[in-house]
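Undergrad: Provided herewith is a single structure, encoded as structure tokens, for subsequent inquiry.
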Amino acid sequence: MIFPFITRLSLPFSFVFCRVRSLPSSWLAYLFLMPALLLLAAFSFWPVLYGSYLSFTNFSLMRATHWVGLDNYRALLDNAMFLTGLRNSLLFLLVVPITQLAAIALAVLVNHQLPAMRWFRAAYYVPVVTTASVVGIMWGFMFHEQGTLNYVLLQLHLIAAPLGWLSDDALALFAIMFVSFWRGLGWYMVMYLAALQALPAEMQEAAILDGASRWQRFWRITVPMLYPTIVVCSIMSVLAALKAYQEVDVLTQGGPMNSTFTALYYAYDQGLKHLKLPRGLAASFVVSLSCMLIAVFCLRYLKPGRR
């Protein structure tokens, strides 16, 4: 009894499938992309466009909205806290070359078939999948004046007194930068590891037969062939540094003395904490525009042909 029912139920789907298969290949591709494009339009493109429009207004939940032009952007340029956040976001770019060099070195290391290497790879990838709240709690204990880090440094006689890693305005930003480096290292390691394992072994074998040393093979064969991956990972790392927010929110909330404010955290602080939504959206738009310009610059001028 069940088979006739299934047959009748499958007839409409068979008809739709046949009609879909008769479409041109380009239309078929867009048809499969349609669900994802609709979700992106509803939850990404439209909020970005509408938020950009609101950054040019005096939007408020309590009064009528009026167009104010560039007033919100002029207020940003006159705001010392936003300029501090912009400077700190640029300082965050110091993490980029350190992260990329460390990730490449780590990928080369874990690419060898050694005992327990899978556990070693997993250990470095765990921070990537760890939530920001857990990271904040863990590193909050580590960076505490009576925490593990100060204890180890005191036992090694590297410091004379406990340091306020998160309470000293001269150290707090660099402590957050280290946490960002720690969280992102495993992700870029996996990217470089995948690229290393995709490299053809014939070139390495030919270089060995020609008498090239390990160091020469690395710099003259491995690094040039990794260049496209290096460009992609560097762009991703730059954008992540400019958009630094989570580490600041869970560890310092912009303190002490606003020394760890970043441009994106300023947007969150103004828009959601102080309900100055137009100013927060203007700050977000500046960060987004900076990210897009840097990405376009990197894609244009960091091509393999321009090495």
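The values are calculated or read from the model by the stated rules, or taken from the named source; none is laboratory data. The structure displayed is predicted, hence computed values, not measured ones. Heads up, the Cβs are rebuilt from the backbone with ideal geometry, glycines too, and the neighbour counts pull from every protein chain shown. Each accessible area value is taken on the protein alone, full model and side chains, heavy atoms only, with ligands, DNA and RNA left out. Shrake-Rupley method; radii C 1.70, N 1.55, O 1.52, S 1.80 Å.
Undergrad: Is it true that Leu77 is open to solvent by 60 Å² or more (accessible area, probe 1.4 Å), more than 21 Å from the chain's Cα centre (by Cα) and touching a residue at least 12 places away in the same chain (Cβ under 8 Å)?
TA: Criteria not met by Leu77.
Undergrad: Is it the case that the stretch 153-165 has a residue that's buried (at least 16 other Cβ atoms within 10 Å of the Cβ), at pLDDT 90 or above and in contact with a Ser or Thr (Cβ under 9 Å, 6 or more places away or on another chain)?
TA: Looking through the stretch 153-165, none of the residues is buried (at least 16 other Cβ atoms within 10 Å of the Cβ), at pLDDT 90 or above and in contact with a Ser or Thr (Cβ under 9 Å, 6 or more places away or on another chain).
Undergrad: Do we have any residue at all in the stretch 239-256 that's without any contact (Cβ under 8 Å) to a residue 60 or more places away in the chain, surrounded by fewer than 18 Cβ atoms within 10 Å (Cβ to Cβ), assigned to a helix (DSSP H, G or I) and more than 16 Å from the chain's Cα centre (by Cα)?
TA: no
Undergrad: Next question. Does Leu149 satisfy the condition of being out of contact with any helix residue (DSSP H, G or I) (no Cβ under 6 Å at 6 or more places or on another chain), among the aliphatic types (A, V, I, L, M) and part of a helix (DSSP H, G or I)?
TA: no
Undergrad: Separate question: Please go through the stretch 209-238 and give me each residue that is within 18 Å of Pro97 (Cα to Cα), under 24 Å from the mean Cα position of the chain (by Cα) and open to solvent by 50 Å² or more (accessible area, probe 1.4 Å), ordered by number.
TA: Listed by number, the residues that qualify are Pro228, Val232, Met236.
Undergrad: If you don't mind, another one. Is the stretch 39-58 home to any residue that is at pLDDT below 85, not small (Gly, Ala, Ser) and not in a helix (DSSP H, G or I)?
TA: Checked the stretch 39-58: no residue is at pLDDT below 85, not small (Gly, Ala, Ser) and not in a helix (DSSP H, G or I).
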